[in-house]
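The values are calculated or read from the model by the stated rules, or taken from the named source; none is laboratory data. Nothing here was measured: the structure is a model prediction, and the numbers come from that model. Cβ atoms come from the backbone with ideal geometry, glycine included; neighbour counts cover every protein chain shown. All accessible areas refer to the heavy atoms of the entire protein, side chains included, with ligands and DNA or RNA removed. Shrake-Rupley method; radii C 1.70, N 1.55, O 1.52, S 1.80 Å.
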Amino acid sequence: MPRKRTAVLISGRGSNLQAFIEAARAPDYPAQIALVISNVASAEGLERARRAGIPACVISHKDFESREAFDRAVDAELRAAKIDIICLAGFMRILSDWFVTQWEGRLLNIHPSLLPAYKGTNVHARVLAAGERRSGCTVHFVVPELDSGPVIAQAKVPVLPDDTEETLAARILAEEHRLYPEGLRRVASGEVTFV
Ligand code: GAR
């Protein structure tokens, strides 16, 4: 089966992009990272793409008058590159319902909580403030409602008594780097489909 052409959308550090790049080196991995798009020109992840020889481009949301106009530019780039699957990896823009509907079932996200708990931003601070004993991360299909699509994979970590936002985020991020490539593998291989 041909490997699924996958685009990774980023806004910053790109450590999950790096995890995909490494996973996709395995000859039997069912996806190849064919394109990286960043909405931020200074995103560290762009350098990771460059080092790996992956085509990358910047589409700045600031150059567009509306959310949908930006999304249409991203959509055009993805179609020109014949992308099959999109992974949002620290992409800090909310996509329009139009975009999400275009790519339904082929659009994945990772969120640093055990969804459906703690949707949205500022997750680790809220988890700590609530005194949770565990947290984690979730790979899910994207639907128009924020952080609400069907779950593809989830990993739990303990919340330790002396955790700060930084220590908890780091423990979860280490799990993300394992979980997101596994989630993409499930979708790219057809093992999991959107219902
Ligand atoms: C990750 O922790 C990811 O779960 C989070 O941003 C970070 C990106 O890190 N995403 C969200 O909070 C989405 N709501 P990275 O740029 O190093 O991959």
Requested in this report: Return yes when ARG25 is in a loop (DSSP other than H, G, I, E, B) and in contact (Cβ under 8 Å) with a residue 24 or more places away in the chain and no when it is not.
Outcome: no
Considering the range 28-45, residues that are free of Cβ contacts under 8 Å to residues at least 60 places away in the same chain and part of a strand (DSSP E or B), and then whichever is nearest to GLY190 (Cα to Cα), we arrive at GLN32
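Hey, can you tell me all the residues within the range 1-12 that are modelled with pLDDT of 95 or more, open to solvent by 10 Å² or more (accessible area, probe 1.4 Å) and out of contact with any Gly (no Cβ under 7 Å at 6 or more places or on another chain)?
Residues satisfying the conditions are ARG3, LYS4, ARG5.
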task: Please indicate, with yes or no, whether at least one residue in the range 123-134 is within 16 Å of the ligand (Cβ to nearest atom), in contact (Cβ under 8 Å) with a residue 40 or more places away in the chain and under 22 Å from THR101 (Cβ atoms).
output: no
Report yes if ARG48 is free of Cβ contacts under 8 Å to residues at least 40 places away in the same chain and within 15 Å of the ligand (Cβ to nearest atom), otherwise no.
yes
Flagged in the range 148-180 as among the small types (Gly, Ala, Ser) and either open to solvent by less than 50 Å² (accessible area, probe 1.4 Å) or in contact (Cβ under 8 Å) with a residue 24 or more places away in the chain (or both), in numbering order, are SER148, GLY149, ALA153, ALA155, ALA169
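Would you check which residues across the range 39-76 are among the β-branched types (Val, Ile, Thr), open to solvent by less than 30 Å² (accessible area, probe 1.4 Å) and within 19 Å of ILE94 (Cα to Cα) and list them? Reasoning before the result, please.
Taking the range 39-76 and keeping what is among the β-branched types (Val, Ile, Thr), we get 40, 54, 58-59, 74.
From what is left, the residues that are open to solvent by less than 30 Å² (accessible area, probe 1.4 Å) are 54, 59, 74.
Hits for the range 39-76 are ILE59, VAL74.
Could you tell me whether the range 13-21 includes any residue that is assigned to a loop (DSSP other than H, G, I, E, B) and open to solvent by 20 Å² or more (accessible area, probe 1.4 Å)?
Kept after step one, since they are assigned to a loop (DSSP other than H, G, I, E, B), are these residues of the range 13-21: 13-14.
Cutting the leftovers down to open to solvent by 20 Å² or more (accessible area, probe 1.4 Å) gives us 13.
Scanning the range 13-21 turns up at least one residue that is assigned to a loop (DSSP other than H, G, I, E, B) and open to solvent by 20 Å² or more (accessible area, probe 1.4 Å).
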Picking from VAL8, VAL100, the residue that is closer than 22 Å to PRO181 by Cα, part of a helix (DSSP H, G or I) and within 16 Å of the ligand (Cβ to nearest atom) would be VAL100
Of GLY183, GLY190, the only residue that is modelled with pLDDT of 95 or more and open to solvent by less than 10 Å² (accessible area, probe 1.4 Å) is GLY183
